[in-house]
1. I'd like to check which strands (runs of 3 or more DSSP E) are fully inside segment A:184-229 and have at least 3 residues that are among the acidic types (Asp, Glu), more than 9 Å from chain B (Cβ to nearest Cβ) and open to solvent by 50 Å² or more (accessible area, probe 1.4 Å).
2. Exactly one condition in (1) out of contact with any Ser or Thr (no Cβ under 9 Å at 6 or more places or on another chain); (2) part of a helix (DSSP H, G or I) is false for residue B:13; which is it?
3. Which residue out of B:62, B:42 is exposed (fewer than 12 other Cβ atoms within 10 Å of the Cβ) and not in a helix (DSSP H, G or I)?
4. Among the residues of segment B:82-121 satisfying the criterion of being acidic (Asp, Glu) and either more than 12 Å from every other protein chain (Cβ to nearest Cβ) or under 23 Å from residue A:40 (Cβ atoms) (or both), which is surrounded by the most Cβ atoms within 10 Å (Cβ to Cβ)?
5. Considering segment A:106-143 alone, what residues qualify as being of a type in the set (Gly, Ala, Ser) and either within 10 Å of residue A:159 (Cα to Cα) or touching a Leu at 6+ places or on another chain (Cβ under 7 Å) (or both)?
6. Condition (residue is part of a strand (DSSP E or B) and open to solvent by 40 Å² or more (accessible area, probe 1.4 Å)) applied to segment A:65-76: is it met by at least one residue?
7. If you check every pair at least six apart or on different chains, which have Cβ atoms under 9 Å apart with a residue in segment A:75-99 that is under 15 Å from residue A:65 (Cα atoms) first and a residue that is open to solvent by less than 80 Å² (accessible area, probe 1.4 Å) and of a type in the set (S, T, N, Q) second?
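The values are calculated or read from the model by the stated rules, or taken from the named source; none is laboratory data. Everything numeric here is computed off the predicted structure, so don't read it as measured data. Here the Cβ positions follow ideal geometry from the backbone for every residue, glycine too, while neighbour counts run over all protein chains shown. Please note that ligands, DNA and RNA were not included when accessible areas were found on the heavy atoms of the full protein model with its side chains. Shrake-Rupley method; radii C 1.70, N 1.55, O 1.52, S 1.80 Å.
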Amino acid sequence: MTVLELRAVHRVHGAGQTAVHALRGVTLTVGAGELVAVMGPSGSGKSTLLSLAGGLDRPTEGDVVVDGTVLGGCSRRGLAALRRRRIGYVFQDLNLLSSLTAAENVALPLELDGMRVRRARRLAQEALCEVDLDGYGPRFPDEMSGGQQQRVAIARALVGQRRLVLADEPTGALDSQTGEAVLRLLRSKVDGGAAGVLVTHEARHAAWADRVVFLRDGLIVDTSGPLDQPEELLTTPGGAG
Amino acid sequence: MYGYQLRVTFEESTGGTWPLNIGQVYTTLSRLERDKLVCPLAESGTGQRPYEITDAGRAELALWFATPISHGDRPRDELAIKLALALTTPGVDVGAVVQTQRTATVRTMQEYTRLKHRTDRPADLSWRLVVDAMVFQAEAEVRWLDHCEVSLLRYGPPSVSEKTPVSEQEAGDEAEREAAR
C-alpha cells in the first residue's frame, strides 16, 4: 500500500535570474513497510524533498500525496490536521520540547489533535514501551542521553495513527553504536508497517533502507535496492545461512 | 584440535566471509608442524589427529596480533586505478563511472546491513564485527567517490581529454575533416 507519493515534483525558490531549482521533477513512491533513504550532497534537494513530503512546503509543480490525500488540495487547517495525524518527524536536533517530559512530548500531537489527555498519555506510554523506554515517561529530555532522546522522538513520530516517518540525519550527533541502535529501531518500526523516508549523506546509515535514492541537483540520478537473497553473500550464524 | 574442528571454528568466528578449503587447513598444519609452531598428538579412536600449539607457535601468534597489517601488503586498488584511467581515457564519462560504482557499493552495504539486522545476540558479536568491517570499508569507498565527484566539479577532467576526440562520432568527424584537407 502506497503511503507517500511524489509525482513529478518541482520546487523553485525565487524567480527570474536568481531562481533556484531545488527539485526538478522528482517522482518517488514509498509503501507501508518500506524504508527509503535519500542520499545526496549539500544543496542536492534532500531537505526540500523531505519538507514537501511532510507538507511543510508546497511544490511549484507536481503533486505530493500522503495516504491518498493530495496535499495541494488541502486547506491550511486540513494540512495541519493531516500532519498531526499521519506524519511524524525525527530531526538531528531540536527534537523534543525541553519543558515537557518524555511522555508529554510523545502525547503532544495527540492532545493537539483533540484527544483526551488521559488517553493520549496512555498511548504515549505504550509508544515509549515499544522503543524500550518503559518507565522513562516522567523524565525531561535533559535527564536522558542523546540516544534515548532520539528514541522518544521516534516514539512520538509513530504514536497513534501515524504511519509515515520522515527522518533528517537522525543519528547526526550520536556515536556509531547509539546511532546504529536508533537506525535498528527505525528499521523495526518500518518493518512493523510504517513507511519511512531517511535523508542522510552517510552511506552507512542509508544502507539500512530498502531502497537508496541518489539525488543530484534536484534530480534522482540513480536508485539502489537490495538483492532478494542476501543470504548468498554470507553464511550467518543467526540462522539465515 | 584437529583440522576439521579448526575449519569450523574459523568459519563460525568470521561468518563464512572467508571460506576455508579443508585441504588448505591440512597444508597449513603441515607447514606449522615443519616450522615447529604446532605439534601433532596421538590419533583419536576415529582416526583424527589433533594438533597442539607449541611455545614457539604461541610467540609467533602473539607477534602476529601485535603487528599491524601493512597497507603495502594489500593488493592494488583496482577502483582507484580504474578512476585514474577513466580520467585520462578519451570518451569516458567519469561522473557515470563514479555513480555506477557508488550505487553498486551502497547496494552491497544494504545487503550486509540487512544480514546484520537479523541478529544482535551477544554470541554473534565476532561475526557482526567482520560484517561491520566490510560495511566500514565500503563506506570509505563511497566517501572517496564523493570526494572524487567534488574534485571533478572543482577541477574538471584533465586537459588531455579536451584535446582528444571524446566519442566515436567525433573521431569520425575528425577523420572526415582530415580527409577533406
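1. none
2. (1)
3. B:42
4. B:111
5. If the condition is that a residue be of a type in the set (Gly, Ala, Ser) and either within 10 Å of residue A:159 (Cα to Cα) or touching a Leu at 6+ places or on another chain (Cβ under 7 Å) (or both), then A:107, A:120, A:124, A:127, A:137 are the ones that fit.
6. Yes, that holds for at least one residue.
7. A:78/A:69; A:82/A:69; A:86/A:69
Residues are listed down the side, and each one gets a yes or a no for (1) at pLDDT 95 or above; (2) within 14 Å of chain B (Cβ to nearest Cβ); (3) in a strand (DSSP E or B); (4) crowded, with 16+ Cβ neighbours inside 10 Å:
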site: A:17; (1), (2), (3), (4): no, no, no, no
site: A:25; (1), (2), (3), (4): yes, no, yes, no
site: A:30; (1), (2), (3), (4): yes, no, yes, yes
site: A:38; (1), (2), (3), (4): yes, yes, yes, yes
site: A:43; (1), (2), (3), (4): no, yes, no, no
site: A:49; (1), (2), (3), (4): yes, no, no, yes
site: A:58; (1), (2), (3), (4): no, no, no, no
